[in-house]
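Data first, discussion second: the structure below is written as structure tokens.
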């Protein structure tokens, strides 16, 4: 069973064991991989993951929590910040308040992560388009006028360039939406 972001947050606030087990099974593996790839081990990842859930619980007890990203992005961002803090602490032996860091940087990091994931998904499907469509969309992104696009692409009219741009854009959108990662990246 999959839970929505709202259901996950509600489950955390109610200390619902089913939701907590779901969070652990669904999101811990990627966090563990991140920690192990950044000078940590599985035990570090377990401790950090538990601390992240506690941070979320405490934040929700202070005030209602509304996410502008999906839960995967949010918990990954918290774990990433906590791990960076941990590495910094190990390096400098300085005590840093993790909640202060989270309050200052969490939105920025989660937005950066979410944009990166969206960009990866976009790039993956952009590369699947035909060369013609890639070129039309690239010229559009470069703010080239439809008339110039028609000339560059050898189209007979500006109207056809507009039609082709629309077709290529729709193909890209449909391709992205059909990807199983789309729901994860663009939230429920």
**Request:** May I ask you to sort 35, 173 by Cβ crowding, counting other Cβ atoms within 10 Å and putting the fewest first?
**Result:** 173, 35
**Item:** Efficiency of FRET from Cβ geometry, residue 152 and residue 10, R₀ 45 Å, rounded to 0.05
**Value:** 0.25
**Asked** How many nm is it between the label spots at residue 143 and residue 122, if each spot is 7 Å from the Cα in line with the beta carbon?
**Response** 1.6
**Prompt:** If each of residue 180 and residue 87 carries a label point 7 Å out from its Cα toward its Cβ, how far apart are those two points in nm?
**Reply:** 3.0
**Prompt:** Tell me, in nm to one decimal, what length is gained between residue 46 and residue 66 on full extension, where the rule is 0.36 nm per residue of separation less the Cα-Cα distance?
**Reply:** 4.7 nm
**Asked** Stretch residue 166-residue 134 to full length: gain in nm at 0.36 nm per residue minus the Cα-Cα span?
**Response** 10.3 nm
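No lab work stands behind these numbers, since they all come straight from the coordinates. Bear in mind that the values here come from a model prediction, so they are computed numbers and not experimental data. Neighbour counts are summed over all protein chains in view; Cβ atoms, including those assigned to glycine, are modelled from backbone coordinates with ideal geometry.
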